[in-house]
Amino acid sequence: MSAYTHDSGFNQRRFMVLVAIVVLHLLIGWAFVNGFGKAAIMMLTKDVKVSLIKEEQAKELPPPPPKPDLLPPPPVSVPPPLVNINIPVEAPPIITTSKPPPPPPPRVSNVASTAIVTTRQADCKEDFYPSQAQRLNQEGTVIVNFCVGPDGKFDGATLKTTSGFPILDEAAGKCLAASRYKPATLEGKPVRSCKDIKVRYTLKG
């Protein structure tokens, strides 16, 4: 009778342990379903990760370098501004004088006080009438401007009016060159002077 009692108590305890295990499994399953297990696992893994990262950082970080000796920066130099200054240039003073300008020097007149005087006039009609012009019945009047030097000698001539025949114009110049003259004077001194003369050529009869 005692042996049977002993067996029934053992079985009862065994049944209770089995029930407790089942309840424990149910609690664990309920915890996993509600996320308690995930939260617990995340907390555990977080602590593990933080500890690992901190240990790795502590091992890998080198010692800080020494601070360099920095020299003070040079002073900033500001260049002077370029300014163009226009200084007005004063014009030189104008000096005016009250004195009137001096009168111009008197002009020397080149007009002779006495004109040319013909002392011996050659006979232009007889001695200087070309025979060729007479044969061709050539007649005409020539006006010549001739000059006489201070020595009274013939000093050139210029034809002013032609007779229409070159042979007569040339003969008039030769007639004047063969004449003799008294030079003109200016203030009592002989000077070179010029004047016009008319020479007429006409046939006799």
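The values are calculated or read from the model by the stated rules, or taken from the named source; none is laboratory data. Bear in mind the structure is a predicted one, so any value in this text is a computation, not a measurement. All Cβ positions, even for glycine, are placed from backbone atoms using ideal geometry, and neighbour counts span all protein chains on display.
Of note:
- Hits in the range 160-169 (condition: under 22 Å from Asn137 (Cα atoms) and either loosely packed, with under 14 Cβ neighbours inside 10 Å or touching a helix residue (DSSP H, G or I) at 6+ places or on another chain (Cβ under 7 Å) (or both)): Thr162, Ser163, Gly164, Phe165, Pro166, Ile167, Leu168
- Of the residues making up the range 180-190, those that are in a strand (DSSP E or B) and in contact with a strand residue (DSSP E or B) (Cβ under 6 Å, 6 or more places away or on another chain) are Arg180, Tyr181, Lys182, Ala184, Thr185.
- Any hit, the range 172-179, residues being under 17 Å from Cys124 (Cα atoms), among the polar types (S, T, N, Q) and either part of a strand (DSSP E or B) or in contact with a Leu (Cβ under 8 Å, 6 or more places away or on another chain) (or both): no
- Looking only at residues in the range 129-144 that are touching a residue at least 40 places away in the same chain (Cβ under 8 Å) and among the hydrophobic types (A, V, I, L, M, F, W, C), the one that is surrounded by the most Cβ atoms within 10 Å (Cβ to Cβ) is Val142.
- Flag if Glu126 is surrounded by fewer than 16 Cβ atoms within 10 Å (Cβ to Cβ), charged (D, E, K, R) and at pLDDT below 90: yes
- For the range 145-159, the set of residues classified as among the charged types (D, E, K, R) and surrounded by 15 or more Cβ atoms within 10 Å (Cβ to Cβ) consists of Asp155 only.
- The range 190-205, residues that are in contact (Cβ under 8 Å) with a residue 24 or more places away in the chain and surrounded by fewer than 19 Cβ atoms within 10 Å (Cβ to Cβ): Pro190, Val191, Arg192, Cys194, Lys195, Asp196, Lys198, Arg200, Thr202, Leu203
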